[in-house]
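**Q** Just dropping this structure here.
The values are calculated or read from the model by the stated rules, or taken from the named source; none is laboratory data. Just so we're clear, the structure is a prediction, and the values are computed from it rather than from any experiment. Backbone-built Cβ (ideal geometry, glycine too); neighbour counts: all protein chains shown.
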There are 4 protein chains.
Amino acid sequence: MSETAIRVTVWHENIHDREDPRVQKIYPNGMHQAMADGIRENLGDAVQVRTATLEQPQHGLTEEVLANTDVLTWWGHAGHQLVADEVVDRVCQRVRTGMGLIVLHSGHLSKPFTRLMGTSCCLHWREADDREVVWTVNPGHPIARGIPQAFIIPQQEMYGEYFDIPQPDELVFISSFSGGEVFRGGCCFTRGQGRIFYFSPGHETYPVYHDRNVRRVISNAVLWANNVARQPYTTTECPKSPRGWFENL
Amino acid sequence: MSETAIRVTVWHENIHDREDPRVQKIYPNGMHQAMADGIRENLGDAVQVRTATLEQPQHGLTEEVLANTDVLTWWGHAGHQLVADEVVDRVCQRVRTGMGLIVLHSGHLSKPFTRLMGTSCCLHWREADDREVVWTVNPGHPIARGIPQAFIIPQQEMYGEYFDIPQPDELVFISSFSGGEVFRGGCCFTRGQGRIFYFSPGHETYPVYHDRNVRRVISNAVLWANNVARQPYTTTECPKSPRGWFENL
Amino acid sequence: MSETAIRVTVWHENIHDREDPRVQKIYPNGMHQAMADGIRENLGDAVQVRTATLEQPQHGLTEEVLANTDVLTWWGHAGHQLVADEVVDRVCQRVRTGMGLIVLHSGHLSKPFTRLMGTSCCLHWREADDREVVWTVNPGHPIARGIPQAFIIPQQEMYGEYFDIPQPDELVFISSFSGGEVFRGGCCFTRGQGRIFYFSPGHETYPVYHDRNVRRVISNAVLWANNVARQPYTTTECPKSPRGWFENL
Amino acid sequence: MSETAIRVTVWHENIHDREDPRVQKIYPNGMHQAMADGIRENLGDAVQVRTATLEQPQHGLTEEVLANTDVLTWWGHAGHQLVADEVVDRVCQRVRTGMGLIVLHSGHLSKPFTRLMGTSCCLHWREADDREVVWTVNPGHPIARGIPQAFIIPQQEMYGEYFDIPQPDELVFISSFSGGEVFRGGCCFTRGQGRIFYFSPGHETYPVYHDRNVRRVISNAVLWANNVARQPYTTTECPKSPRGWFENL
């Protein structure tokens, strides 16, 4: 393992995987393992990946774990309300001080994402085996590395506009669905020193996290969200700053 | 006519309308008249609308016309290269000093738009009677006033991503097409003091400019692009500015 | 009063005004009255302005008041923590469904603003009679109407970077201070259908809200933040949307 | 030299350096050598740096040189009009297909930059030994890596707002000057697949390119502007795209 490896924590609520045979069949070791595998497969020694799940003490997201996480990925759905506010505060605060955050699919309604966005993050949805086409609209963006102009996910839950998010700083992917809907499915945001990427593909009843392009996008996002600046100053308080305070930084 | 009416000039190359019977049937008075009618219909006394066309001297865009235009709309296709560079320079310069510009459909490749964008403005296209669905992705934006969450244009030329434009300052509409393509079809930009809106619907062989929603969007865009700030200072030169130059503005 | 007048509610915590003789001298009727006067002075019949204050029941921000408010302005400082979470939730929800919000000066740390931003909104500050120069960096923006390239506030509290906000959708003003600091003091955001403008000038011990340019900026911001789109749909839930749901909107 | 080294070409008009003894004293080998040294010093084996100057055939920017350049830096001032349009077209086209571009100081008025921006890029200026303070306003951005919250350039040419550029995709640095001016001096743009960074410090009569922080910013910008996506498709034409064209990319 490289000393400069990016420390990734794949967080998963791990509910459907234990309760729904359809999901178990696709993800026998849980969706988090598929996500972790995808990141390792693409980034190798450049990352050090572990997982954490809802049922663990403090949901596996202790102060220590977060302090040693450079990029956190988040998948939740049935258990959004089971995530303790104390942990949510800790995650949001860590994002603002520089931890990258990759929010996947139904994580759009998770507590950390909605708090960091300041909006409802609501959208239209339908489970009807729509074909999704993911279009690259920012081909020079590092998250588009190795991704074709368009790629197809044969069957997906439809996620459609209006998606109630702040306008993203950068929009990288837009999806279409067989039914005619569109969706801003690949969006970059910054909150404090933390870089956030939302990526919509990923319903639990389809093998989306086995898809080569989806895995590549998430891996690219890990590289993008990793905060190389790592500024030593924080912004958790408002310093009273005498004239000339900045002269010897 | 109100004294404070917004002075709109609808510019049209007016080529297909004179040469193609299919276009003549849909737009017997030319597409520019349909556009002008749509704006008058929605905005009434709030606007004063005239038209100008390619075949006129200086393409109808003399210094005087431009000086007395608050918002210019632009439709071109077959005649992009017939537009004199001198007129293009004048249009771009007038935009930078505060004239609004609404670029329609195939105007994406027009000289003024590509020069103001700094990119190729290329895209994918197909004439195959695709159904277009226009989705509102910024419902609080003034250009979305009176526009439903989605509206349908039953037959349209497909315009698809990658659309080579700079990231818009605000993205208001995204379209999907029957073939599965998506397109950032309603985009806001600013260049200097000029506000620019690109709106993609509008192929000449379909009655798009008779569509109620399309007319409403263009009319809303006229209101948005009209520069109420009308700052007296220009930015056509770099002033050498002594210490304190700004103390008595 | 015009039937289409924009209904403005000027909210103020009204603490310093009642406790600090320095503030009383500058604002004998309270800062909220100066703000309300400034808006009326500039917009006349185009607005209908009322005030609401912290000490009123529900802080003067009942469901009914908010339902009948198009644009809310917010000034708070000493009493941020005294604002009831229930009222904050109501304000944020009303913003997302289309109420404009203008946050002034020390309101940067208010509950509504920090929740809508998703960041700490911290900054550097100093009370030392710095001269502030406010620079227009988006002269074609409607909020810059009638505002010179730069204007001076002779004495002000210094607010300096790093200001921990999400990157604004549009940046209209940047301030400098005698001490050498800079500040993104005029910032536009959108959250849901609500348009938000943060404007930094306004310390309570200086007569900033009597300043002609400051009053003009706030008045321009009222016009900008007023949601003319007024879309009937809300985004407080995620609708399950069958195929073709959008065909007859 | 690493096989994956980023290939940087430092372009310089090299006029003041040969004509002005003040400049020669500060930059005995030319400003381009100081810039190249700064990049090598920070990035070592990660880059392969060469220089090119105005007086060379084709200004040193042949098809071959550009094809083998990942990131181009540009400094010009007295010689903007001496740069051949043919070379400018080539540079702009190469940027759109993925070459990074870093435009320095007076390069704001260069042909490549103004064409890629679509605006005048004018600004206010003064040569009066102002102190410049460069403030980081996006501390999580990779270009801010290792840069303090603020750093001081003791003497600089003043560059002040209004700076007539399109709103940057990301704003990283804002400068203040002793005279009270502010300037958006660190701005990110994208044009096509090319990433562009404008950085304002750098007047020829001051030792700015010997400054540790300035060198670090330029080096960080090289890493940021290097297009890792390197998409094989270009956007120099508008492909007619039959239904299903994207199904086997």
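**Q** Mind telling me which of the residues C:Q167, C:Q156 ends up being modelled with pLDDT of 95 or more and outside any loop (DSSP other than H, G, I, E, B)?
**A** After applying the criteria, what remains is C:Q156.
**Q** Okay, next question. Only one of D:F189, D:F173, D:F183, D:F246 is within 28 Å of A:W135 (Cβ to Cβ) and assigned to a strand (DSSP E or B); which?
**A** Matching residue, one of D:F189, D:F173, D:F183, D:F246: D:F189.
**Q** Anything in the stretch A:221-233 that is more than 23 Å from C:E127 (Cβ to Cβ) and within 14 Å of chain C (Cβ to nearest Cβ)? List them, or say none.
**A** Matches in the stretch A:221-233: A:A229, A:Q231, A:P232.
**Q** Could I ask something else about it? Of the conditions (1) in contact (Cβ under 8 Å) with a residue 60 or more places away in the chain; (2) within 28 Å of D:G146 (Cα to Cα); (3) surrounded by fewer than 17 Cβ atoms within 10 Å (Cβ to Cβ), D:W74 fails just one. Which one is it?
**A** Tallying (1) in contact (Cβ under 8 Å) with a residue 60 or more places away in the chain; (2) within 28 Å of D:G146 (Cα to Cα); (3) surrounded by fewer than 17 Cβ atoms within 10 Å (Cβ to Cβ), D:W74 fails exactly one: (3).
**Q** Is it fair to say B:Y198 is buried (at least 23 other Cβ atoms within 10 Å of the Cβ), hydroxyl-bearing (S, T, Y) and over 18 Å from B:I152 (Cα atoms)?
**A** Taking the combined requirement at face value, the residue satisfies it.
**Q** Looking at A:I196, is it within 24 Å of A:I15 (Cβ to Cβ) and part of a strand (DSSP E or B)?
**A** Against the criterion (within 24 Å of A:I15 (Cβ to Cβ) and part of a strand (DSSP E or B)), A:I196 qualifies.
**Q** Next question, about the same structure. Return the residues of the stretch D:205-218 that are in contact with a strand residue (DSSP E or B) (Cβ under 9 Å, 6 or more places away or on another chain), crowded, with 20+ Cβ neighbours inside 10 Å and either of a type in the set (A, V, I, L, M) or assigned to a helix (DSSP H, G or I) (or both); say none if nothing qualifies.
**A** D:V208, D:Y209, D:V214, D:V217, D:I218
**Q** Confirm whether A:Y162 is in a loop (DSSP other than H, G, I, E, B), crowded, with 19+ Cβ neighbours inside 10 Å, modelled with pLDDT of 95 or more and hydroxyl-bearing (S, T, Y).
**A** Yes; evaluated as a whole, the condition is true for this residue.
**Q** Here's something else I'd like to know. May I ask you to verify whether A:Y233 is in a loop (DSSP other than H, G, I, E, B) and hydroxyl-bearing (S, T, Y)?
**A** Answer is yes for this residue.
**Q** Scan the stretch D:107-139 for residues that are within 15 Å of D:V83 (Cα to Cα) and among the polar types (S, T, N, Q) and report the count.
**A** 2
**Q** Another question about this same structure. Only residues that are touching a residue at least 40 places away in the same chain (Cβ under 8 Å) and either β-branched (V, I, T) or surrounded by fewer than 20 Cβ atoms within 10 Å (Cβ to Cβ) (or both): list them for the stretch A:230-249, please.
**A** Across the stretch A:230-249, the qualifying residues are A:R230, A:T234, A:T235, A:T236.
**Q** Consider the stretch C:146-175. How many of its residues are within 15 Å of C:H105 (Cα to Cα), within 8 Å of another protein chain (Cβ to nearest Cβ) and of a type in the set (S, T, N, Q)?
**A** Here the count works out to 1.
**Q** Could you list, ordered by first residue, the pairs with Cβ atoms under 9 Å in which the first is in the stretch B:178-194 and without any contact (Cβ under 8 Å) to a residue 40 or more places away in the chain and the second is acidic (D, E) and assigned to a loop (DSSP other than H, G, I, E, B), at least 6 apart or interchain?
**A** Matching pairs, first to second residue: B:G180/D:E247; B:V182/B:E161; B:R184/B:E161; B:C187/B:D169; B:T190/B:D169.
**Q** If the requirement is being at positive phi and either within 13 Å of chain A (Cβ to nearest Cβ) or of a type outside the set (S, T, Y) (or both), which of these qualifies: D:G186, D:G180?
**A** Testing whether each residue is at positive phi and either within 13 Å of chain A (Cβ to nearest Cβ) or of a type outside the set (S, T, Y) (or both) leaves just D:G180.
So that you can scan it fast, the table gives a plain yes or no per residue for (1) modelled with pLDDT under 95; (2) touching a Cys at 6+ places or on another chain (Cβ under 7 Å); (3) more than 27 Å from D:R216 (Cβ to Cβ):
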position: D:L72; (1), (2), (3): no, no, no
position: D:R90; (1), (2), (3): no, no, yes
position: D:H105; (1), (2), (3): no, no, no
position: D:H108; (1), (2), (3): no, yes, no
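**Q** Can you tell me which residue is surrounded by the most Cβ atoms within 10 Å (Cβ to Cβ) among those in the stretch B:50-71 that are acidic (D, E) and in contact (Cβ under 8 Å) with a residue 40 or more places away in the chain?
**A** Looking at the filtered set, the residue picked out is B:D70.
**Q** Now, a different point. Which count do you get for residues in the stretch B:118-160 that are without any contact (Cβ under 8 Å) to a residue 40 or more places away in the chain, β-branched (V, I, T) and in contact with a Lys or Arg (Cβ under 7 Å, 6 or more places away or on another chain)?
**A** 2
**Q** Starting from the stretch B:21-45, keep only residues that are closer than 10 Å to B:T205 by Cα, then list their pairs with residues that are surrounded by fewer than 19 Cβ atoms within 10 Å (Cβ to Cβ) whose Cβ atoms are within a distance under 6 Å, requiring at least 6 positions of separation or different chains.
**A** So the pair list comes out as B:R22/B:T205; B:I26/B:P207.
**Q** Also, I was wondering about something else. Only residues that are hydroxyl-bearing (S, T, Y) and in contact with a His (Cβ under 7 Å, 6 or more places away or on another chain): list them for the stretch B:213-241, please.
**A** B:S241 - this is the single residue of the stretch B:213-241 that is hydroxyl-bearing (S, T, Y) and in contact with a His (Cβ under 7 Å, 6 or more places away or on another chain).
**Q** With the requirement that a residue be within 8 Å of chain C (Cβ to nearest Cβ) and under 22 Å from D:H141 (Cβ atoms), what does the stretch A:101-130 give you?
**A** A:L116, A:M117, A:G118
**Q** Kindly indicate whether any position in the stretch C:105-115 is out of contact with any helix residue (DSSP H, G or I) (no Cβ under 7 Å at 6 or more places or on another chain), in a strand (DSSP E or B) and either touching a residue at least 12 places away in the same chain (Cβ under 8 Å) or surrounded by 24 or more Cβ atoms within 10 Å (Cβ to Cβ) (or both).
**A** Scanning the stretch C:105-115, I find no residue that is out of contact with any helix residue (DSSP H, G or I) (no Cβ under 7 Å at 6 or more places or on another chain), in a strand (DSSP E or B) and either touching a residue at least 12 places away in the same chain (Cβ under 8 Å) or surrounded by 24 or more Cβ atoms within 10 Å (Cβ to Cβ) (or both), so the answer is no.
**Q** With the structure loaded, tell me whether C:G202 is part of a loop (DSSP other than H, G, I, E, B) and within 21 Å of B:V137 (Cβ to Cβ) or whether it fails that test.
**A** Answer is no for this residue.
**Q** Which of the residues spanning the stretch C:24-66 are part of a strand (DSSP E or B) and touching a His at 6+ places or on another chain (Cβ under 9 Å)?
**A** The answer is C:T51, C:A52, C:T53.
**Q** Which numbered condition trips up A:G98, out of (1) surrounded by fewer than 23 Cβ atoms within 10 Å (Cβ to Cβ); (2) within 14 Å of chain D (Cβ to nearest Cβ); (3) without any contact (Cβ under 8 Å) to a residue 40 or more places away in the chain?
**A** (3)
**Q** Of the conditions (1) more than 29 Å from D:A229 (Cα to Cα); (2) assigned to a strand (DSSP E or B); (3) among the polar types (S, T, N, Q), D:S120 satisfies every one except a single condition; which number is it?
**A** (2)
**Q** Taking the conditions exactly as written (more than 26 Å from B:T69 (Cα to Cα) and not in a loop (DSSP other than H, G, I, E, B)), does B:I147 satisfy them or not?
**A** So B:I147 does not fit the description; no.
**Q** Pick out the one residue from B:I174, B:I143 that is crowded, with 24+ Cβ neighbours inside 10 Å and within 20 Å of D:D169 (Cβ to Cβ).
**A** B:I174
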